[in-house]
Amino acid sequence: MTGPELAAIRKTAGLSQAELAQRAGIGRHAVSYWENRPSVDLRAWAISRMAKVLELPKPPALGWRLRSTWERDLEAQVEAAFIARVIRLRARTEAAAAKRRVICEAKTRKGTPCRCKSEPGKRRCKFHGGKSTGAKTPEGRERIGMAQRQRWAKWRAERLNNYQA
Ligand SMILES: [Zn+2]
């Protein structure tokens with residue numbers, strides 16, 4: 001059996017990688033590891049767990065006993081190395097995203113998009129909210145809400161005056 005065949009069996013069962021991993025009691029990376037292999041070892045531990053959820057071919061009967069301990073250790077090491085690589089790669093992607101700077105493009109008073117660079121990992125520049133994600137405490141939220149209510153009340157009063165004048 002090949003990795004893509006294993007993936008096809010999983011999809012036929014209507015399971016995502018994460019769902020299969022959860023039901024089999026293994027890590028999600030173990031599922032993606034085997035689905036990306038050119039050939040699937042039916043005697044591997046993770047595969048034996050998947051076989052409890054999916055209908056996989058039976059492993060060769062004698063194979064398990066004939067395989068030496070170091071063979072199984074090697075397989076576990078290869079699998080662990082792959083999982084470590086996936087985790088490292090994801091950490092690097094996340095670190096890059098946290099440092100990424102884009103063009104702010106907030107609407108300026110002129111009506112044109114802001115050309116400043118955003119704060120690292122944020123969408124907006126330091127002038128357009130890149131430094132702040134807003135009030136968090138109940139007091140802070142109440143304070144900003146009050147300021148906005150006063151601002152719009154003033155705006156409505158002025159509009160009424162202009163209308164009557
Ligand atoms: Zn800006």
Query raised in the report: Could we say that residue 142 is over 30 Å from residue 2 (Cβ atoms), over 31 Å from the mean Cα position of the chain (by Cα) and of a type in the set (Asp, Glu) here?
Result: yes
Query raised in the report: Taking segment 108-157, which residues are assigned to a loop (DSSP other than H, G, I, E, B), away from the ligand (no atom under 16 Å from the Cβ) and either surrounded by 13 or more Cβ atoms within 10 Å (Cβ to Cβ) or aromatic (Phe, Trp, Tyr) (or both)?
Result: 135
Query raised in the report: Of all the helices (runs of 4 or more DSSP H) wholly in segment 1-52, which have at least 1 residues that are in the same structural domain as residue 87 (by TED's automatic domain parsing) and more than 24 Å from the chain's Cα centre (by Cα)?
Result: 3-12, 45-51
Requested in this report: Among the candidates 98, 91, 80, 84, single out the residue that is away from the ligand (no atom under 15 Å from the Cβ), touching a Gly at 6+ places or on another chain (Cβ under 7 Å) and not hydroxyl-bearing (Ser, Thr, Tyr).
Outcome: 98
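The values are calculated or read from the model by the stated rules, or taken from the named source; none is laboratory data. Because the structure is predicted, anything quoted here is derived from the model rather than measured. Don't worry about glycine lacking a Cβ; one is built from the backbone with ideal geometry, like all the others, and counts go over all protein chains shown.
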